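The values are calculated or read from the model by the stated rules, or taken from the named source; none is laboratory data. In this text, all values refer to a predicted model and were calculated from it rather than measured experimentally. Positions of Cβ are backbone-derived with ideal geometry, glycine not excepted, and every protein chain shown enters the neighbour counts. With ligands, DNA and RNA removed, areas are computed over all heavy atoms of the protein, side chains included. Shrake-Rupley method; radii C 1.70, N 1.55, O 1.52, S 1.80 Å.
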Amino acid sequence: VHLGPLARFAVRHPKKALRLALDRAGVRRARAGPGGERLEVLDPRREDLERHRRPDALTVNVLLPALALNGGTIHVLDLAQRLALGGVDVRVLCPLPVDRRLLDGAAFEPAIYTSAEALLRGAPPADATIATWWRTGPWLADLTRDGRAGAPLYYVQDYEPWFYPDGDRRRRHVEATY
C-alpha cells in the first residue's frame, strides 16, 4: 500500500496529526462530552446562535459524514441554515475532517467530534434527527434505538446505490440503508 506524505506523517505522529486536523478545522480546544469527545469550534459565536432561537424551538440534529466541499454537503448546510434562521434549533453533527470554510456565518450549531464513534456516544437528544447520506443511515438507526433521535428522517438527494457498479458489495450495503 502506498501512503502519501500526510498519511505517513499521521502514522508516525498520530497526536501531532490530530492537532493539525483540529487546527485546520478551527477547533479551539477539546472538551469532554457525554460518552465521547466533542470539539468546540471557534465560530459561530454563541450569542449569534441564540439570537435566532426561540425558547420552545424544535431541536433537529443533522448527521453528516464530514464537512467536505461538495454539492451534497453544501445543500444540506444550506437547508440547516434556513431552518436555523427560521427559529429551529439545528445542530449539525459530524466527525472530522472539517472544511472550516463551510461554517462561516452559520446560524446553526456545529458539533464536531473526533470520530463517528464519539459522535454516536455524545450526540444530544433531539426532536428529530436527519441522516443525509448512506453512511449516516446506520448512525440514525443507532440513535433511534438509544431513544435520542426523536423522529428519524432520511434525506435522500440521489439514488446512492448508483454510485457503485453492479456486483460491488458497497452497492448492496447502500441499498440496505433504504
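List the residues, sorted by chain then number, that are 5 or more residues from LEU58 or on another chain and whose placed amide H is less than 5 Å from its amide H.
ASP89
Over the residues of segment 73-178, compute the C-alpha Rg and express it relative to 2.2 N^0.38 Å. Could you put the intermediate results ahead of the total?
Numbers: Rg = 14.4 Å, N = 106, 2.2 N^0.38 = 12.9 Å.
Relative to the 2.2 N^0.38 Å estimate, segment 73-178 comes out at 1.12.
Long-range amide H contacts for ALA111: which residues qualify at under 5 Å (H placed 1.01 Å from N, peptide plane, sequence gap of 5 or more or a different chain)?
Amide H neighbours of ALA111, under 5 Å, 5+ apart: VAL92, LEU93, CYS94.
Report the relative contact order of segment 47-178, percent, no decimals, based on alpha-carbon pairs under 8 angstrom and at least 6 residues apart.
Numbers: 219 pairs, mean separation 30.9, N = 132.
Once divided by the residue count of segment 47-178, the mean separation gives 23 percent.
Leaving ligands, DNA and RNA out of it, report the carbon-plus-sulfur percent of the accessible area of segment 119-178 at a 1.4 Å probe. Walk me through the intermediate numbers first.
Working: 1870 of 3450 Å².
Percent of accessible area from carbon and sulfur atoms in segment 119-178: 54.
How big is Rg to Rh over segment 62-132, alpha-carbon atoms, Rh as the Kirkwood inverse-mean-distance radius? Before the final figure, lay out the partial values.
Working: Rg = 11.3 Å, Rh = 12.2 Å.
Taking Rg over the Kirkwood Rh, I get 0.92.
Could you sort the peptides 109-120, 142-153, 159-170 by per-residue average Cβ neighbour count (10 Å cutoff), highest mean leading?
109-120, 142-153, 159-170
Among 96-107, 128-139, 55-66, how do they line up from the highest to the lowest mean number of other beta-carbon atoms within 10 Å? Let's see the in-between values first.
Details: 96-107: 15.7, 128-139: 21.8, 55-66: 18.7.
So the order, starting with the most tightly packed, is 128-139, 55-66, 96-107.
Can you give the accessible area per residue of segment 69-162, in Å², using a 1.4 Å probe?
Numbers: 4100 Å² over 94 residues.
Result: 44 Å² of accessible area for each residue.
Quote the charge dipole size of segment 52-140 about the Cα centre in Debye, to the nearest 20; the model charges only the Cβ of Lys and Arg (+1) and of Asp and Glu (-1).
Details: 8 positive and 8 negative charges, 15 e Å.
Roughly 80 debye, rounded to the nearest 20.
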